[in-house]
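The values are calculated or read from the model by the stated rules, or taken from the named source; none is laboratory data. Just so you know, these numbers come straight off a predicted model, no measurement behind them. Quick reminder, even Gly has a Cβ in these numbers, built from the backbone with ideal geometry, and neighbours come from all protein chains shown. Keep in mind that these areas ignore ligands, DNA and RNA; they rest on the heavy atoms of the full protein, side chains included. Shrake-Rupley method; radii C 1.70, N 1.55, O 1.52, S 1.80 Å.
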Protein chains: 2
Amino acid sequence: MNDRKRNVIEKAHELFIEKGFHATSIQDILDYSGISKGTFYNYFISKNELLMEIFRAAFRKMEMARDALLLGQDAGDPEVFMKQIEQQMTANRENKIIPLFEEVYFSGDNELKQFIEIGQMKILRWFSDRLANITDDHCSPYLLDAAIMLNAMLIQYVRFYRKAYGNSVSMLPVVRYSVNRILNLMEEVTLSQEQLLSPELLDVWLPVSNREALDWRSKIHSVISRLKKLDCKNKVHLQKLTFLEEELRSKEPRKFLIDSIVFSMSADFNRETHELQALIDEHLLEKA
Amino acid sequence: MNDRKRNVIEKAHELFIEKGFHATSIQDILDYSGISKGTFYNYFISKNELLMEIFRAAFRKMEMARDALLLGQDAGDPEVFMKQIEQQMTANRENKIIPLFEEVYFSGDNELKQFIEIGQMKILRWFSDRLANITDDHCSPYLLDAAIMLNAMLIQYVRFYRKAYGNSVSMLPVVRYSVNRILNLMEEVTLSQEQLLSPELLDVWLPVSNREALDWRSKIHSVISRLKKLDCKNKVHLQKLTFLEEELRSKEPRKFLIDSIVFSMSADFNRETHELQALIDEHLLEKA
DNA sequence: ACCTTTTTTGGAACGTTAGTATAAATAAAT
DNA sequence: ATTTATTTATACTAACGTTCCAAAAAAGGT
C-alpha cells in the first residue's frame, strides 16, 4: 500500500473520531490530508470503502495486540482473558470503533453491513474459543450462548458504566463482573442442560474460509510484531518486516520475495524466522 | 390531532417499515400519503420530527398493551413478566421499531438521540420495577444491574436467534431463558453482594418530571383501554373514550370536557369512572 | 536530456437529498 | 359574502457523494 494512501486513511480516521463519519465530508478529508478529489477516488471507490479500510487496519492492530497478551501466558487463566478484554475495550474507545460501527451499520450499505457482521462473528468466535480454554469440557454445548451473553453484557455496560462514571473510567470492574457472571451462568446451564443456540451455528455464520484465512495470517503477523520488538531500532530490519506485512496482505503474495527476506533475517533471529517460514510454507503457495 | 396528519404518520410508518428511514425520501411520503410538500412541513418541522411522532405513537401503543397484560394478574408471577416481554418483542418486530431506532440513533441528530435515550431508560425502569415485583426485597440493590443485563441479553438474542431460526420464530424460549438467567444471577449477586451500578442512577438518568408525567398518564390510559373492552361494540362509548385519549394527549387538556365525558359514563361504569376521575382530579389542573 | 507513461490535480458538472419561499387555489369560519 | 386559514404546486437553495476531464506534475525508461 502507498504511503500516501496510508496517510489519507490515518487522517480520515482522525476526522471520523473527532466529528463522526457522516459529519465528515469528503472535502474535509481532502483538505485535511492534502490530496485532491481525483486522487481520493483513485485510492478509494467510495467513502464507505475508505471506512472499511480504516476498520480493517484497526481490526488487525487490535487482534494482534490481543493475541500478543496471550503469549507465554496460561490460556486457562480467567485473569488473562479479562486483561485481553479490557485491552480491546480501551483500544475500541481510542479508535472510536464502536460508534463508527454503529453509525454506519444501519445506513443502508449492504457491503459495509456484511463486513461488520463478519467482524462481530469473529468476536463471538474468539469469546467462545477463550471461554472454552477457561471452562470445563462439559460446558462446550453452551459456549455460544455464553459468548453471546458476554458480548451483550459488555456492550451494554460500556454505555451505562461510562454514562455513570465518565468516559475515561477503567472498564476492568465491568469486565471482571461480566466474566464472573458468565462463568457462573455456564456452570448453571451445564447442570440444567439449557441450551438456546448450538455452538455449531457459529461455523455456519462464520464461513471456515473466512476464518482460516485470517487465522494463519494473524499468527504470522503476531510473529512479525514480535520480531519488530526484538530489534526496534534497526531501520533496515523494520523496513523488511513492514514490507513483509504489506506483501502478505496483498492478494497474491510473491513467495520468492518473502522467502528471501525471511532468509536474510534468519542469521540474527533463527528461532522466530523458523517459525515464520514454517507458517509461510504451510499456507502460501508458490505462484505458477 | 388531525386525521389527515395521522394518516401521513401511518403511511410514512408503512414506508419506513418497508424501505427504511433513510431510503424513504420526503417525496416518497408525499406521493404515498397524497399531500403536498407545503402541508408536510406544516405538520412536521422535519423528517426527524415525523419519525419521533411515529415513535411516540408506537411507544404509547406498546406501553398500553404491555400494561394491559398485567391487569388482574399477579405482578409477582414471572410468567406474566415473560408474556409481557414477549409481546413487546413481537410488537417491536411488527413496527420495526428497533431497526428504525438503530438506523437513526447514530446519524447525528441530537434531539432524536436524546429522545431515544429516554425511551431506553424507560424500558430499563420498567424492567427494574417488574423485577422488583418478582424478586425478594434483598435483591433491590442489584435491580439496575439485572435490568441492564436482561436488556442486553434480549437485544442480542433477538439478532442471533432470528438469524438461526428465521424472522418469524417465537421469542418465548429466548425470553424464558433470559429471565431465568437473570433471576439466578440476581440470587447470586445478592449473596456475594456484587454491585456494578446503583439503582439510584436510574433516577438521575430518567428525570422524575419525565417519568411522572408519563406515569399517571399511562395509568389513565390503561383504565381507558379497560373501559373500551368492557363495551367494545358501543360506538358512542368508543368515540367518547377515543376523544378522551386525544384530549389527554394534548398540551392543555380541557378539564371541563373530560369531566363531563367521564360523568356521562359514570352511570354505566361507576367503578372505573371513579378511578378515572380520581386520577384526573389529582393530576389535571383546571385551566385558568 | 528526452520522450512516454502514470499519477495527480482541481474544478466543473450531475443527481439526489432535506428543507425554504411563495403565489395561487381551495376550504372553513364568520 | 368576505375574511381567514389551510393546502397546493413549483421553483429554489445548499449540501452531499460521485463522475468526468483536461491540464499539470512526477516517475520511469532509454
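Condition first: among the hydrophobic types (A, V, I, L, M, F, W, C), in a helix (DSSP H, G or I) and within 16 Å of DNA strand D (Cβ to nearest atom). Now tell me which residues in segment B:44-61 satisfy that.
The one that is among the hydrophobic types (A, V, I, L, M, F, W, C), in a helix (DSSP H, G or I) and within 16 Å of DNA strand D (Cβ to nearest atom): B:LEU50.
Just checking, how many residues over segment A:203-231 are open to solvent by 80 Å² or more (accessible area, probe 1.4 Å) and modelled with pLDDT under 75?
Total satisfying the criteria: 6.
State whether one or more residues within segment A:78-98 are within 12 Å of another protein chain (Cβ to nearest Cβ) and not in a loop (DSSP other than H, G, I, E, B).
yes
Looking at segment A:1-22 only, could you name the residues that are in a loop (DSSP other than H, G, I, E, B) and either within 15 Å of A:PHE40 (Cα to Cα) or open to solvent by less than 50 Å² (accessible area, probe 1.4 Å) (or both)?
Passing the criteria: A:MET1, A:ASN2, A:GLY20, A:PHE21.
Step by step: first the residues of segment B:47-106, then only those that are of a type in the set (Val, Ile, Thr) and either at pLDDT 90 or above or under 19 Å from B:LEU154 (Cβ atoms) (or both), then the one that is nearest to DNA strand C (Cβ to nearest atom). Which residue is that?
B:ILE54
Given (1) within 16 Å of DNA strand D (Cβ to nearest atom); (2) closer than 30 Å to A:ARG176 by Cβ; (3) in contact with a His (Cβ under 7 Å, 6 or more places away or on another chain), identify the lone condition not met by A:MET64.
Condition (1) is where A:MET64 drops out.
Considering only segment A:3-22, state which residues are within 9 Å of DNA strand C (Cβ to nearest atom) and at pLDDT 95 or above. Before you say what the answer is, go through the steps one by one.
Step one: filter segment A:3-22 for residues within 9 Å of DNA strand C (Cβ to nearest atom), giving A:4-5.
The answer is none; no residue qualifies.
Which one is most open to solvent (accessible area, probe 1.4 Å) among residues in segment A:139-157 that are under 26 Å from A:LEU71 (Cα atoms) and more than 9 Å from chain B (Cβ to nearest Cβ)?
The qualifying residue most open to solvent (accessible area, probe 1.4 Å) is A:SER140.
Every residue in segment B:23-43 that is open to solvent by less than 40 Å² (accessible area, probe 1.4 Å), part of a loop (DSSP other than H, G, I, E, B) and within 8 Å of DNA strand C (Cβ to nearest atom), please.
B:THR24 - this is the single residue of segment B:23-43 that is open to solvent by less than 40 Å² (accessible area, probe 1.4 Å), part of a loop (DSSP other than H, G, I, E, B) and within 8 Å of DNA strand C (Cβ to nearest atom).
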